[in-house]
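S.K.: Quick one: the structure is below, questions incoming.
What follows is calculated from the coordinates using simple rules that are stated; it is not laboratory data. The shown structure was predicted, so the numbers you read here are calculated from the model rather than taken from an experiment. FYI the Cβ positions are ideal-geometry reconstructions off the backbone, even for glycines, and counts take in every protein chain you see.
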Amino acid sequence: MTCVFCKSSPTTNEHIFPKWLRDVIPGEGRLLHEWRAPNEEDPSRAWSADGVEFKANAVCGTCNAGWMNDLEEAGRPYLTSMIQGRGRVLHEAEKETVTRWAFKTALMLDLGQEAKFRSIPVDDYVAFYEAEGLLPDTHVWLAGCDFGGGAGARTRTLDFNENGTTITGYGTTIQLGHLVIEIVRVGLGGRSFQIGGGLAPALVRVWPEPSPTQWPPPLVLDRQNAVWLPLLRGCPDRRGIAAAILAV
């Protein structure tokens, strides 16, 4: 097996959720880990552990200990304050770090599930590694959540209707303590779009967005809406709905 990013070998087990999350997420006790399949035919898996144990064996040691670790260390201070519910303003460099971290985590989450549930094309891993930044047509929003004692994520394939033509993209919702991150990538030629539905006021765009971003927004989500966030009207989930839930 070769690294999904740089194509080197061998690969190692990379944490999907970072180990440092154990130290900053609100709550106490052992962590309940669970993979939820999107249908009844595929059973879910659950286990408990003292630390964060979601892993994917798809990254080489050089990437794991190099640029991926650097990104974790760069993003941790900004993410920690929001995970613990402390408001902050994100400026350009901070927003780029947080959104790169979120996209990297979304890529790893997709690899953590069975192949039949995956939504992200393999070419996007190499492109992200080579770009050393956000890929074009990537959109990121932040929200706040009133439930702080756990973390979760949901990945899915999305079908967009563009003038009668179906354009396939993918989305990931990540909930870490009081922080919710929504990532969508779809090839709309650089054009932006807005999230629709009743929960739209709860999300603030962080990328692409030139102005500083104030977090949290005035409307805060409850945990159910945060993890199963309805995304875009007319843009249904198609597959890859398996979720990773980390509960305290």
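S.K.: How large is the charge dipole for the chain, taken about the Cα centre, if only the Cβ atoms of Lys, Arg (+1) and Asp, Glu (-1) carry charge, to the nearest 20 debye?
M.R.: 240 debye
S.K.: A follow-up question, please. Please find, in a Gaussian network model of the chain (springs between Cα atoms separated by less than 10 Å), the residue of Ala93, Ala200, Ala143 whose mean-square fluctuation is greatest.
M.R.: Comparing Ala93, Ala200, Ala143 in a Gaussian network model of the chain, the most mobile one is Ala93.
S.K.: Would you mind calculating the gained length between Lys7 and Arg30 on full extension (0.36 nm times residue separation, minus the Cα-Cα distance), in nm to one decimal?
M.R.: Stretched out fully, the Lys7 to Arg30 stretch lengthens by 4.7 nm.
S.K.: What FRET efficiency, computed as 1/(1 + (r/R0)^6) with R0 = 22 Å and r the Cβ-Cβ distance, is obtained for Arg86 and Asp222, rounded to the nearest 0.05?
M.R.: For R0 = 22 Å, the calculated efficiency reads 0.70.
S.K.: Would you mind ranking Asp50, Asp124, Asp159 by Cβ crowding within 10 Å, fewest neighbours first?
M.R.: If I rank by nearby Cβ atoms, fewest first, I get Asp50, Asp159, Asp124.
S.K.: Rounded to two decimals, what is Rg over Rh for the chain when you use alpha-carbon atoms and the Kirkwood radius? Provide the component values of the computation, followed by the final result.
M.R.: Working: Rg = 16.9 Å, Rh = 18.2 Å.
Across the chain, the Cα-based Rg/Rh ratio is 0.93.
S.K.: Exposure proxy check: Val89, Val126 ranked by fewest other beta carbons within 10 Å?
M.R.: Val89, Val126
S.K.: When the chain is treated as a GNM, springs tying every alpha-carbon pair under 10 Å, which of Lys104, Lys116, Lys95 comes out with the largest mean-square fluctuation?
M.R.: Result: Lys116 has the largest fluctuation of those listed.
S.K.: Hand me the tally of lysine pairs in the chain: alpha carbons under 19 angstrom apart, and the pair either on different chains or 8 or more positions apart.
M.R.: On the way: Lys7/Lys55; Lys7/Lys104; Lys19/Lys55; Lys19/Lys104; Lys55/Lys104; Lys55/Lys116; Lys95/Lys104.
Lysine pairs, 8 or more places apart or on different chains, close enough: 7.
S.K.: So what's the back-of-envelope 222 nm ellipticity for the chain, counting only DSSP H runs of four-plus at -39500 (n - 2.57) apiece and dividing by all residues, rounded to 500?
M.R.: Here the helix-only value at 222 nm equals -7000 deg cm²/dmol.
S.K.: Follow-up. Hey, rough spin-label estimate for Ala127 and Ser192, points 7 angstrom out along Cα→Cβ, what's it come to in nanometres?
M.R.: Once both label points are built, they end up 2.1 nm from each other.
S.K.: Under 1.5 on a/c is rounded, so check that first for the stretch 36-163, then, if it is not, pick prolate when a/b is larger than b/c and oblate when it is not; a ≥ b ≥ c are the square roots of the alpha carbon gyration tensor eigenvalues.
M.R.: Values: a/c = 1.29, a/b = 1.14, b/c = 1.13.
Judged from the Cα gyration tensor, the stretch 36-163 comes out rounded (a/c under 1.5).
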